[in-house]
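Heads up: the structure comes next, in structure tokens.
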């Protein structure tokens, strides 16, 4: 098989994975609609983390301190969902950190269920080093950029809550993605990109 065919196959595989992520987010959206707004923040934030992480790492978190830290952030949002949160945390860890042994993932998840962290918008933005430019490009609404002023951050937070309350979480793939993404469109998007050669108070 030629290098071109291998590259095309890899882009198609990535597109399929993006579809799976988007479909999972849509299922969470349906779950979130039954909850009060202060509980839905966990769903909104997880969608936004799933937009930030692929842009930085690809579709798997790195097996290092940064990857483990970002895994912990995600799990500390999943813990505030409804249902069997331990199973949901373990499932998310398998998908995004397949290098993490199941026993260690369980130990981390159980610890989080006992002592969860509620991230504030500004603290999380600082921890992620989310810039204003990245925030705008990815359509992030509920995490403040660390290079925003306090006034700008408060205004962005209010606007993010209003937008989330009115229209629900933003798409996972990109700020301009279709609300009903199809596999062909995502394949084309991935092909196009490839062708160019801490504990806090409640939010």
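Each reported figure results from applying straightforward, stated rules to the coordinates on display, with no laboratory input. Just so it is clear, the model here is predicted, and its values are computed rather than measured. Note: ideal-geometry Cβ built from the backbone for every residue, glycine included; neighbour counts use all protein chains shown.
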| Which ordering of 142, 131 is given by a fewest-first count of other beta-carbon atoms within 10 Å? | 131, 142
| field | Inter-label distance for residue 66 and residue 126, nm, one decimal - labels placed 7 Å from Cα along Cα-to-Cβ | value | 2.0 nm
| request: Treat the count of other C-beta atoms within 10 Å as a stand-in for reagent exposure and order 75, 100 from fewest to most. | output: 100, 75
| query | Want the number for residue 136 to residue 113: 0.36 nm per residue separation, take away the alpha-carbon distance, what's left? | reply | 5.1 nm
| task | Grab the Cα-Cα distance for residue 103 and residue 39, subtract it from 0.36 nm times how many residues apart they are, and report the gain in nm with one decimal. | result | 20.2 nm
| Where labels lie 7 Å past Cα in the beta-carbon direction, separation of residue 150 and residue 94 in nm | 4.6 nm
